[in-house]
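Presented below is the structure to which this report refers.
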Amino acid sequence: MRGGRLVMSPREGTANSWATGRLFKLLDAAAEQVGIPVYTSVNMMFTKQTWIEPDLAVLRNHVDDEVWVPAEEILMPVELISRGSRRRDRIDKPRLCAAAGVPYFLLVEIHRGEVAVELHKLVDGSYVEAARATGGERFVTPEPFPLNFDPAELLAGRATR
């Protein structure tokens, strides 16, 4: 919001759209094994005037027909970094989530056919990198639930599954 007006930028290109769909499948399959729900976009609310819409959201529990999901219900927001809102995706949103005590934050960045996946864990009020991999490597983490995949699977035409 700027000056009481909602400011939106256009959706990122097809690379992020494809990756979001692939990542949802990977996260959902892994999270389902431990009973954790993964949602496509939700309105993650911090205050009545402050909210974000992560590309994907891993919640602590299922929610029933809610428009606004309180930040404390989010286990891990997932952001695919957009060129038009890089600072907001990489700095502002994680800062809001850390201040709200959200335990994890997952970032995915695709640029010129390369992909990187970073998992950040909340430690003493700030996020620290807990796992990271680029295409051709394995992204492996036991938390918040076990994940093991090659980030290249998120690139259109290069999926290995």
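The values are calculated or read from the model by the stated rules, or taken from the named source; none is laboratory data. Model, not experiment: these values are computed from the prediction. Counting neighbours? That spans all protein chains shown, and the Cβs are built from the backbone with ideal geometry, glycine included. We work out accessible area using only protein heavy atoms, side chains counted, and drop any ligands, DNA or RNA first. Shrake-Rupley method; radii C 1.70, N 1.55, O 1.52, S 1.80 Å.
Some notes on this structure:
- Residue-averaged 222 nm ellipticity for the chain, from DSSP H runs of 4+ at -39500 (n - 2.57), nearest 500: -5000 deg cm²/dmol
- Nearest-10 value in Å² for the accessible area of I91, using the 1.4 Å probe: 70 Å²
- Ranked order, F46, F105 - accessible area, probe 1.4 Å, largest first: F46, F105
- Residue order by solvent-accessible surface for T20, T47 is T47, T20, largest first, with ligands and nucleic acids left out and a 1.4 Å probe.
- Charge dipole magnitude, Cβ of K and R +1, D and E -1 - region 77-161, Cα centre, debye nearest 20: 300 debye
- S41 exposes around 50 Å² of accessible area when a 1.4 Å probe is run over every protein chain in place.
- Surface composition of the chain: carbon and sulfur make up 49 percent of the accessible area, probe 1.4 Å.
- Magnitude of the charge dipole, the chain, Cβ model with Lys/Arg +1 and Asp/Glu -1, debye to 20: 660 debye
- Accessible area in square angstrom per residue, the chain, 1.4 angstrom probe: 56 Å²
- If you take all other residues with their beta carbon under 9 Å from the beta carbon of A116, and give Lys and Arg +1 and Asp and Glu -1, the sum is -2.
- DSSP-defined antiparallel bridges as percent of all bridges, region 1-139, nearest 5: 80 percent
- Cα centroid separation - region 9-63 against region 79-150, whole Å: 13 Å
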